């Protein structure tokens, strides 16, 4: 049976020609009748030239996600090649079995030519996350390919993310193959951690901040640290290894803070916004501010920018002269230029000067793509403040 063909408007062909993997519904000139949600499709220009092969969504504004630019059969062999190619890049980065980093992202969606798919590896356990109807339909062949390539002890599904609702999909959590596991021990830059692959945030761990954690370790020696939104405290392990004098961790999740409790670490269950509003004195000489995404869509932009401004202005007031400040945003709708502008305003209003030491993005197992600018979502500014 032939693959359904979608015809694009002539003025929308350039996006595919330059290999952007998203096609919005407004780009479509002609749809086949009765095209089902999640179907495999090919897209063509008005002259009938095949431009790409992908999956179709009738519910999302992103109507087609392109897997291959040109005609292709997305079968078992295709997924073997594409996933192997993605994993080989991680091996080049120094991640993988027998290295100091055995917890890493194997597949990062569109950046690896696999839209709607995330695969994380923790030692010999893989965690799969599907965000689209098209990827849900392809999940059996993807699972089979992962088994062939990695021969893992388990493949766990953690498709419990909000974006699935836009596709009309329910959450799916469970075991796709192998034994049932909840917690998996793995290494990151030589440090040992445990991922809660069945119940934890994301796929069980925040793998995208490994470069930030490494950068902060040598800066922590002798410092009194305030850590807001620490989750389970992975960064604190690096800070303690670097010689931090003390760490005070503030988070609204008592369960997460239980995992933060270690020597030299105190914890406090509190809403970070309210906690900052109640504290004014510059008692710390290092601060880490890593909130969840405060801008999840364009409609959230104004309120989210105000929230980022409040957090950063209030946090800067609590640092001593010469204090180190590491502040992150994982909202891809909040671009680096806007983030820096917010920090300029926040620092002036806090009465300090913030000198940037470095800007750190997501770790390279979450690769930036030349063809998919939306892949650049995480940014952290590390700086020193002066009063």
Looking only at residues in the stretch 1-36 that are touching a helix residue (DSSP H, G or I) at 6+ places or on another chain (Cβ under 8 Å) and in a loop (DSSP other than H, G, I, E, B), which one is farthest from residue 53 (Cα to Cα)?
-> 9
What about residue 11, is it on the phi < 0 side of the Ramachandran plot, outside the structural domain of residue 144 (by TED's automatic domain parsing) and either in contact with a strand residue (DSSP E or B) (Cβ under 9 Å, 6 or more places away or on another chain) or touching a residue at least 12 places away in the same chain (Cβ under 8 Å) (or both)?
-> no
Would you be able to tell me the number of residues in the stretch 91-105 that are without any contact (Cβ under 8 Å) to a residue 60 or more places away in the chain, within 19 Å of residue 153 (Cβ to Cβ) and not in a loop (DSSP other than H, G, I, E, B)?
-> 0
Number of positions in the stretch 178-201 that are touching a residue at least 60 places away in the same chain (Cβ under 8 Å) and either under 24 Å from residue 143 (Cβ atoms) or in a loop (DSSP other than H, G, I, E, B) (or both) = 7
Filter the stretch 80-104 down to the residues that are farther than 16 Å from residue 147 by Cα and surrounded by 23 or more Cβ atoms within 10 Å (Cβ to Cβ), then identify the one that is farthest from the chain's Cα centre (by Cα).
-> 95
Would you tally the residues in the stretch 341-363 being surrounded by fewer than 19 Cβ atoms within 10 Å (Cβ to Cβ) and assigned to a loop (DSSP other than H, G, I, E, B)?
-> 1
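Please work out if residue 175 is part of a strand (DSSP E or B), out of contact with any helix residue (DSSP H, G or I) (no Cβ under 8 Å at 6 or more places or on another chain) and surrounded by 15 or more Cβ atoms within 10 Å (Cβ to Cβ).
Working: part of a strand (DSSP E or B): yes; out of contact with any helix residue (DSSP H, G or I) (no Cβ under 8 Å at 6 or more places or on another chain): yes; surrounded by 15 or more Cβ atoms within 10 Å (Cβ to Cβ): no.
For residue 175, the condition - part of a strand (DSSP E or B), out of contact with any helix residue (DSSP H, G or I) (no Cβ under 8 Å at 6 or more places or on another chain) and surrounded by 15 or more Cβ atoms within 10 Å (Cβ to Cβ) - is not met.
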Return the only residue of 28, 6 being closer than 23 Å to residue 139 by Cβ and either assigned by TED's automatic domain parsing to the domain that holds residue 374 or over 27 Å from the mean Cα position of the chain (by Cα) (or both).
-> 6
All positions within the stretch 49-60 that are farther than 15 Å from residue 31 by Cβ and surrounded by fewer than 18 Cβ atoms within 10 Å (Cβ to Cβ) = 49, 50
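The values are calculated or read from the model by the stated rules, or taken from the named source; none is laboratory data. Treat the numbers as computed from the prediction; the structure is a model and nothing was measured. Glycine gets a Cβ as well: all are built from the backbone with ideal geometry, and neighbour counts include every protein chain shown.
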